[in-house]
């Protein structure tokens, strides 16, 4: 049947998908990734949407599976809308679990135009009015990003598995009360302060690079010499020292 709006028939819509990508049977001898690719492309064809949805989804899943723990990003006293949007967008791109602000200007407590990924649709955003209102998950360590004499330099810092990173305001620093609240304070080795959104992106990259699974960098320049080996799950460990049901290992 042809739609009243003149849309294509169902058979015509199905024909948009190559035969190799159709889901004729869950037992057709294709991999799970291929089945997902067919499913998402099929949905995209029916809705008239783009066909690149599968590649983007698979990339996001791989990013989530390669980094251990979780993290959040936030800022204290932000006042500029564009910085707010850029930092939130970077947090979304690097896979943050949530985003937060503390004592931010009222005008930026919504997603601005610079957040082109519509981050609040994909991760929670908490707008805390004060330090006392902050409610981080249990065990989550607060890491301040500030240029202080006793701060740990970022390249030498060991990222906590559960961390919330907080930056200071534009043309300012983290408040003494916030610094006192932090479990760690780190600094990016630069000669002077840099943009708050840029600083946040650098720290997030360092976390992903440190805790993620990537092929080893070569000693010289260029691509890695060996591909990343596939992760192999070990046998389950039970109470009492038994591994995989055996007590002789």
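The values are calculated or read from the model by the stated rules, or taken from the named source; none is laboratory data. Since we're looking at a predicted model, the values are computed, not measured. Backbone-built Cβ (ideal geometry, glycine too); neighbour counts: all protein chains shown.
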So residue 115 fits all but one of (1) out of contact with any helix residue (DSSP H, G or I) (no Cβ under 7 Å at 6 or more places or on another chain); (2) more than 14 Å from residue 76 (Cα to Cα); what number is the exception? (1)
Pairs only if they're at least six apart or on different chains, beta carbon under 7 angstrom, first in the range 108-134 and more than 15 Å from residue 166 (Cα to Cα), second surrounded by 16 or more Cβ atoms within 10 Å (Cβ to Cβ) and at pLDDT below 80; list them, first residue then second. 118/111; 119/111; 120/111
Would you please list the contacts, defined by Cβ atoms under 9 Å and residues six or more apart or on different chains, that run from a residue in the range 213-228 that is over 25 Å from residue 68 (Cβ atoms) to a residue that is surrounded by 10 or more Cβ atoms within 10 Å (Cβ to Cβ) and at pLDDT below 85? 219/225
Suppose we filter the range 147-167 for residues that are at pLDDT below 95 and in contact with a helix residue (DSSP H, G or I) (Cβ under 9 Å, 6 or more places away or on another chain); how many remain? 1
